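The next block holds one structure in the form of structure tokens; read it before the comments.
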Number of protein chains: 4
Amino acid sequence: MDYQAVLEEVAAYARPYAGQGQVADYIPALERVAADRFGIAVADINGEVYGVGDWETPFSVQSISKTFSLALVMAHSGTTEDIWSRVGREPSGTPFNSLVQLEWENGIPRNPFINSGALVVTDRLQTLTGDASTTMLHFLREESGNPDLAFDQAVAGSEAEHGDRNTALGYFMSSFGNLENPVPSVIEHYFWQCSIEMSCRDLAAAGGFLARHGLRADGSRLLEAREAKRINAVMLTCGTYDAAGEFAYRVGLPAKSGVGGGIIAVVPGRCTLCVWSPGLDARGNSVAGAAALDHFTTLTGWSVF
Amino acid sequence: MDYQAVLEEVAAYARPYAGQGQVADYIPALERVAADRFGIAVADINGEVYGVGDWETPFSVQSISKTFSLALVMAHSGTTEDIWSRVGREPSGTPFNSLVQLEWENGIPRNPFINSGALVVTDRLQTLTGDASTTMLHFLREESGNPDLAFDQAVAGSEAEHGDRNTALGYFMSSFGNLENPVPSVIEHYFWQCSIEMSCRDLAAAGGFLARHGLRADGSRLLEAREAKRINAVMLTCGTYDAAGEFAYRVGLPAKSGVGGGIIAVVPGRCTLCVWSPGLDARGNSVAGAAALDHFTTLTGWSVF
Amino acid sequence: MDYQAVLEEVAAYARPYAGQGQVADYIPALERVAADRFGIAVADINGEVYGVGDWETPFSVQSISKTFSLALVMAHSGTTEDIWSRVGREPSGTPFNSLVQLEWENGIPRNPFINSGALVVTDRLQTLTGDASTTMLHFLREESGNPDLAFDQAVAGSEAEHGDRNTALGYFMSSFGNLENPVPSVIEHYFWQCSIEMSCRDLAAAGGFLARHGLRADGSRLLEAREAKRINAVMLTCGTYDAAGEFAYRVGLPAKSGVGGGIIAVVPGRCTLCVWSPGLDARGNSVAGAAALDHFTTLTGWSVF
Amino acid sequence: MDYQAVLEEVAAYARPYAGQGQVADYIPALERVAADRFGIAVADINGEVYGVGDWETPFSVQSISKTFSLALVMAHSGTTEDIWSRVGREPSGTPFNSLVQLEWENGIPRNPFINSGALVVTDRLQTLTGDASTTMLHFLREESGNPDLAFDQAVAGSEAEHGDRNTALGYFMSSFGNLENPVPSVIEHYFWQCSIEMSCRDLAAAGGFLARHGLRADGSRLLEAREAKRINAVMLTCGTYDAAGEFAYRVGLPAKSGVGGGIIAVVPGRCTLCVWSPGLDARGNSVAGAAALDHFTTLTGWSVF
């Protein structure tokens, strides 16, 4: 596969969509990014990375970090799988910050990719490692090969200032006994994780273990093949907020999006992609990013279906 | 792949689960089936069918018919895709017969595999063909190569007698203007479709077009490859009631289950499976059937992820 | 109390509100009424009736009939009170035609004044009397002293044509086993009851038993004092759709409204009022009617609080 | 009316119910109270107080404080009534600590007597007075004539330790912009208010202004008559959690209950009652307290209906 040629064709197709949709504006630090930026990168399973457009420009990973925190909890838990008694694996069927389903289901979030579920995962990672956000940062540096990755203090601080909804989720789950650490500490680590700045290049590389059935960039094993497949399954059914069904239908690849405008996607056994364009549709997914992935699978025929 | 050997190993693994769970008891005709029956069949993409156990025993297809009615609507609609303005493609996040989400979303069902969505699809098929249930029966006879397939009048009649919930769904959607035909007629065709009796052999063969990217048993085209993939995507995200995430996680294949105890599953490009065992778990999926598919993907490594 | 003078002052205050709001338009027969009609009547406990404006013009009683069907079920049940195992007495907290709460609470409607609850009451009255709608019509003729009261066939037929939502409610409750009679029969009686045409004069007189602690116009006992008080309690907490709290706050009297624009209200031990003006607010209550009752209690000081 | 004789008859009737139900056990300080305590007091509008049983034993007022914080906000707001843009007046139709309705209604609680609504009221009182809990304590001392009333530090501290659900409510409303003060401060004042210890005697006397149409114990005006009636209306429709309809039906008086086992009730123009017995029914209302009020209205005929 000539990835470079495919990416150029994909970019030509998707760039007209860049600028459509709305840039996330709930915190000032995100709002300032130009809506029409566009970049895409592919990392093949040998670690070669190809890219087009703004593929080396860092952006805020936001909810894409949820994929990595889940993987790290699974890696640190060994074979116990105890996280799944505290968070489900089912699509939520309601907007991503909903407390409704959480109340119906006694404080057990539906899946690890809605905010409540990610708080539970972060809480578990905190218990397992003693420092959830630093553990993730170090992991991302190693897998991306980029030692300069860092938290964005302005973004994390701004999230905290506007974080009442997530704080409410934390206390609500705590009232059901579903957090092990103090709520403010869990919230803080969660915001630090979301604030990490990475480029499409960095993210495609860092997500390589998902295409390599659990092997890290250096060939060592992070997860069993079975576990890596399971993360892909959760990405496909729950990775794009309340549009997971639509995404599976159009794109047909496991994917996880963030309100920073990034989306990572996995072609198991072949490659990991990352696309970035800040304009979001009504459900919080990058408009041009979704168009790009749609066209990528059309060109390559690499849907999982 | 030596399908026969694999199926035998799968059956040895899954048979101890046969008899677990509850046989559907909301209508007498289903309740009478022994819970510990077990059969499994695979149809490869060349039409060869392999089977083990009770793989030639007919059972009530029930909700598995929803896969076929969706495919037939797509085939008869040509390129218009108009069905998707009347039914969504997102997992429902609530039990399969819930009216709650339907009320929130103004009579547009979340997806074609919950009962409300299937009624919309049947309604559309009725409009497109003039006789939704007969159209499906003829299609299933041709694809399975079994001219003896028939409606089970006792089951259809029994469903109608106990069909108040589905009738309520029909009138409720009608109140939002989302049915084209009279409610009683749509309900009737829906129950006839669900009542069709087929064996694992019949269903694996009839679902072959899903593994052949849209080609029928005789090589003619039912659906574009893109459309067949989309049905697989909907099966993976919505095909097993409120356990679709769990199913994707454990099995990793597009699948559709029915309360008769059958499940069909697709390995795109390779084969279509059907497994049957009447004991159901709390979410309505066959206990032994799910165990069998789980073991099948473990043995073959054929998850889509 | 000089009722005639009070009513004239009330009418002067409330008439400017006549014409505000929307006339119910879900059936043609209601839509045709001029929005700015206004009438008010008071029947004192001795049966004297006073009125102003369009107080002798018949209009469609609609949901006001729910008060009378509840009273008739209680009167025909004797001391058993068995109706309360099938319908609750709590405010609903959701719009009056909601299926959501009905699903949560297993087919038991929250109270007798939402549509689902009224269907249960009608169903019970049908069982107790053999002809629910005729029983009510005869009762209303006797209590109002107006032998010309009749069903409006056009309205009842039109309701049936647009009655999918109520039919859905009926089948939904039937699926929980909470209807004794066939759904279409219950729906039909319900629509006939709603279609009865009465004037403010008729309704104020017919509702006299609520102010007389259960005594009918002829002095015979319809209900025990305790039972009449209980109907007033249900009217106060549930009688004006999702605005019962607001109504209690502003008006402070037990009341029941209908989408025909009528409202009856009770001053226990003193009088029964009926006001009519077809323009409805967003919650389905007459705008000018609510203003009139508000001013009536201000002038007389006759809130129950 | 010979109040003393009535109370003795009421107590004889209700005492067998004392000990039924469950004592609130979510905080240790409440759990320790013997379930079978029973006291009742009546304060007539002249300030005479009568009592029977444990009517002089202090208990934790808990949610009964919500009545007083609402009255104090109305008294300090003058004629503006601005509180009603931030909290509704409708019954909630869901359990008292539900976040579901709060999410549906964009952070505006349904009424001031559910926890979320009481937090908004406390927040407003804090802004108006600078010290919500002390303002209330002083008011209660003056109205009850008992200068020894005090916060119970153990109860307030224990509430704070187990207060995650209320903290979640606070942050959730804050995320909608519906709190003016910092969440922890609002929560703290709320818990202090709930922790106040008062006897039936104290509470009947302190609630006298509700029966006197807004006049305080010293004859000065706290609220306009209209405003006092409105608080009574909110008590009747929303004062006993999800059992307000049932309470109106059985008792027919405005009332407010607390999980400490107390209930205050108002006979407008006549008297204010307080009954106490710690055993609660499933909806959080005192079993013996409800029985006592029921019998009181039966004996006196003083329902508002």
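What follows draws every value from the coordinates through simple rules; no lab data is involved. Since we're looking at a predicted model, the values are computed, not measured. As a convention, Cβ positions derive from the backbone with ideal geometry for all residues, glycine included, and neighbour counts pool all protein chains shown.
Summary of values
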| item | result |
| --- | --- |
| GNM flexibility winner over chain C from C:TYR190, C:TYR171, C:TYR50 (Cα, springs under 10 Å) | C:TYR171 |
| Amide H contacts of D:SER199 (H built 1.01 Å from N, under 5 Å, at least 5 apart or other chain) | D:PHE59 |
| For chain D, Cys with no neighbouring Cys Cβ under 4.7 Å | D:CYS194, D:CYS238, D:CYS271 |
| Whole-Å semi-axes of the protein assembly as shown's equivalent ellipsoid (Cα gyration tensor) | 57, 39, 27 |
| Nearest-0.05 FRET efficiency for A:GLU105 and B:GLU48, computed from C-beta distance (R0 60 Å) | 0.85 |
| Alpha carbon centroid spacing (whole Å) that separates the stretch C:103-173 from the stretch D:47-75 | 44 Å |
| 222 nm mean residue ellipticity, helices alone, for chain B (DSSP H n ≥ 4; -39,500 (n - 2.57); rounded to 500) | -13500 deg cm²/dmol |
| GNM top mover of A:ASP131, A:ASP44, A:ASP202 - chain A, alpha-carbon springs below 10 Å | A:ASP131 |
| DSSP bridge orientation in the stretch C:3-300 - percent antiparallel, rounded to nearest 5 | 95 percent |
| Summed side-chain charge close to A:PRO182 - residues other than A:PRO182 whose Cβ falls under 12 Å, Lys, Arg +1, Asp, Glu -1 | -4 |
| In sequence order, calculated HN-Hα J values of the stretch B:250-261 (Karplus, 6.51, -1.76, 1.60; Hz; x Gly/Pro) | 7, 9, x, 10, x, 8, 9, 10, x, 6, x, x |
| Interchain or long-range residues, amide H under 5 Å from C:GLY239's placed H | C:ALA255 |
| Cα-based convex hull volume of the stretch A:3-300 per residue, rounded to whole Å³ | 106 Å³ |
| Point-charge dipole on Cβ atoms (K/R +1, D/E -1) for the stretch D:214-305, about Cα centre, debye to 20 | 260 debye |
| Rounded FRET efficiency, nearest 0.05, which uses the C-beta distance separating B:THR127 from A:THR57 and R0 of 51 Å | 0.50 |
| Across A:LYS256/B:LYS256; A:LYS66/B:LYS66; A:LYS256/B:LYS229; A:LYS66/A:LYS229; C:LYS256/D:LYS256, pairs whose alpha-carbon gap is larger than 27 Å | A:LYS66/B:LYS66 |
| Lys, Arg +1 and Asp, Glu -1 on Cβ, resulting dipole of the protein assembly as shown about Cα centre, debye, nearest 20 | 0 debye |
| Cα shape, the stretch C:24-128, gyration tensor, a/c 1.5 rule | oblate |
| Which of A:TRP302, B:TRP192 has the fewest Cβ neighbours within 10 Å, and the rest in rising order | A:TRP302, B:TRP192 |
| Inter-copy separations for C:THR300, label at 7 Å along Cα-Cβ, nm, ascending | 2.4, 7.8, 7.9 |
| Candidates A:SER158, A:SER286, A:SER257: whichever shows maximal mean-square fluctuation once chain A is modelled as a Gaussian network with Cα springs under 10 Å | A:SER158 |
| Lys/Arg +1, Asp/Glu -1 at C-beta; the stretch A:132-277 dipole; positive extreme among A:PHE191, A:LEU222, A:LEU169 | A:LEU222 |
| Under the Karplus curve 6.51 cos²θ - 1.76 cosθ + 1.60, θ = phi - 60°, whole-Hz ³J(HN,Hα) for the stretch A:52-68, x wherever Gly or Pro sits | 9, x, 7, 7, 10, 8, x, 9, 7, 5, 6, 5, 4, 4, 4, 4, 6 |
| B:ASP218-B:ALA34 FRET efficiency (beta carbon distance; Förster radius 25 Å; 0.05 resolution) | 0.10 |
| Across the identical copies, how the B:GLY145 labels are spaced - nm, sorted shortest first, 7 Å along Cα→Cβ | 5.2, 8.7, 9.9 |
| Calculated label separations, D:GLU81, copies of the chain, 7 Å along the beta-carbon direction, nm | 3.6, 5.3, 6.0 |
| Inter-label distance, nm, simple model (7 Å from Cα along the C-beta direction), D:TYR26/A:TRP84 | 3.3 nm |
| Karplus-derived HN-Hα couplings along the stretch D:2-19 (A = 6.51, B = -1.76, C = 1.60, θ = phi - 60°), whole Hz, x at Gly and Pro | 8, 4, 4, 5, 4, 4, 5, 5, 4, 5, 4, 6, 8, 4, x, 7, 4, x |
| Dipole magnitude of the stretch D:1-106 about its Cα centre (Cβ charges: Lys, Arg +1; Asp, Glu -1), debye to nearest 20 | 260 debye |
| 5 angstrom amide H check on A:HIS213, placed H, neighbours 5+ away | A:GLY269 |
